[in-house]
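The values are calculated or read from the model by the stated rules, or taken from the named source; none is laboratory data. Computed from a predicted model, the values in this text were never measured in an experiment. Glycine also receives a Cβ, built like all others from the backbone with ideal geometry; neighbour counts cover every protein chain displayed. Heads up: the accessible areas ignore ligands, DNA and RNA and are worked out on the full protein's heavy atoms, side chains in. Shrake-Rupley method; radii C 1.70, N 1.55, O 1.52, S 1.80 Å.
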Amino acid sequence: MQAAPEFLDTPATVDKACRLIAEASAHGAELIAFPEVFVSAYPYWNWTMTPVEGGPWFEKLFHAAIDIPGPEVAALCAAARAADAHVVIGVNERDPYSLGTLYNSVLFISNTGELLGVHRKLVPTWAEKLTWAGGDGSSLRVYDTGIGRLGGLACGENTNTLARFSLLAQGEQVHIANYIALPVAPAEYDMVEAIKTRAAAHSFEGKVFTIVACAAITDQIVDTVAHNEAARALLERPHSAFSGIFGPDGRLITTPLIDEEGIVYADIDINASIQPKQMHDIIGHYNRFDIFQLSVNQQPQSSVVLNSHQAPTFPPPHFTEVPGETETA
C-alpha cells in the first residue's frame, strides 16, 4: 500500500485500512503491507517546528495513538481474517504504563486474524526522537507463516546492518520495509533513491523478497501541519515516497509508485531464492561464523525489577519479578 492516513483521525484511518485490506484481497493479495505509523499520523511538525511549538501536536498524536491490545487492533485483525490475508501495518503505540510515552510500532497479523507480534522501532531517526521511545530486541523476530517467513523493519531501521542480519539469520524470506514520505529531509537527500538503495541491498544480500510500503502525503496533511510558507514548501516537495517489490537479485519486480496513492501487486515465489544462494548465502556457506558472530539480546527490557518474596496478584507483563529465596514452586 502507498497510502495516506486520515491524519490524526484514528477511527477513520482504521476504517480506511480495513477497506484497503478488502480491496487488495479481492485482487488476490495474500500479504498486505501498509506504511510506517499508518495509524494515524507521522509527526512532521518535528521537522518544521521548534520542540516548544510542536509540544501541543505531540499531545494530539498521543491521544490519536492506540493501545495494544485494543479495539483498533481487533478491527484490523478482523479485517485480515475476513480477507484471509496476512497484514503488516505501522501504528503509533501508547506505552501501557507511562502516560506520555509512544512507540513507532509494526503489527504482524496472520490470515486467521491472530496478532503474531509487534515490533517497536529500535531507534527513532533524527527529529523523531522528540516523539518516540526506542524498542528492544525482543521484537526482532521472524514469523513462520503459510506464505513464508516474514520479518520487517520500520524506515531508517533498514539501514541498520545488524538489525537486518538478525532477521536474515532467523530465516527471513519476505522482508517488509515500511516508510513514510519524507519531503522534509535536506534538499540533497532523495528519499525515493534512498529507499530503493536500502531495499535492493537487503534483497540482494539476503536473497529475499523485500516489500516496500510507503506513506503518501496529501493536501489534507500539508494544510494541517504547514504553519508557514517555508513549512508548506518543504512538505510539498516531490519525489518523497516510493513503494515497490524487489526480488532476491535486488531488482524491482513491479512498476513502483512514486508519491501517488495506490496499490502495488506482485506474485512472488519463495523458491526463487534458492539458486542465488548457491553463489552468496550470508547466513549459510558464504560466511565464517568462526570469525564473525552476532549476539542479539531478545530479553524484554523492564522499567523496574521487583524483588519480592510474594508475587503480586496482577504482575504487569512489562515488569520483571525476581522471586525471593524462600519462595517454593
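Phi angles of region 124-130 translate, via the Karplus equation with coefficients 6.51, -1.76, 1.60 and θ = phi - 60°, into HN-Hα couplings of x, 8, 6, 5, 5, 5, 6 Hz per residue; Gly and Pro are given as x. Label positions at ALA133 and SER308, each projected 7 Å from the Cα along the C-beta direction, are separated by 1.9 nm. Ligands, DNA and RNA aside, MET49 has an accessible area near 30 Å² when probed at 1.4 Å. Summed over the residues of region 169-304 and divided among them, the accessible surface reaches 52 Å² per residue at a probe radius of 1.4 Å.
Compute, for the chain, the length of the dipole vector about the Cα centre, with Cβ point charges of +1 (Lys, Arg) and -1 (Asp, Glu) only. Units Debye, rounded to 20. If you can, show how the numbers build up before the last one.
Numbers: 19 positive and 38 negative charges, 112 e Å.
So the dipole magnitude of the chain works out to roughly 540 debye.
Computed with every protein chain present, the accessible area of LYS207 is close to 10 Å² [probe 1.4 Å]. Note on ILE270: accessible area is roughly 40 Å² with a 1.4 Å probe, heavy atoms of protein only.
Take the Cα of VAL52, go 7 Å toward its beta carbon, and the backbone nitrogen atoms of region 102-137 under 19 Å from that spot belong to 130-131. Which label belongs to the value computed from this structure, given these candidates for P(r) over Cα pairs in 10 Å bins from 0, in percent: (i) 6, 26, 33, 23, 10, 3, 0; (ii) 6, 25, 31, 19, 9, 4, 3, 2, 1, 0, 0; (iii) 6, 30, 38, 21, 5, 0? This structure yields the entry labelled (i). Here each label is just a point 7 Å from Cα along the line to Cβ, and for HIS227 and ARG288 those points are 5.4 nm apart. If R0 is 22 Å, the Cβ-Cβ spacing of VAL296 and THR125 corresponds to a FRET efficiency of close to 0.60. Residues TYR97, TYR179, ordered by accessible area of protein heavy atoms at a 1.4 angstrom probe radius and largest first, appear as TYR97, TYR179.
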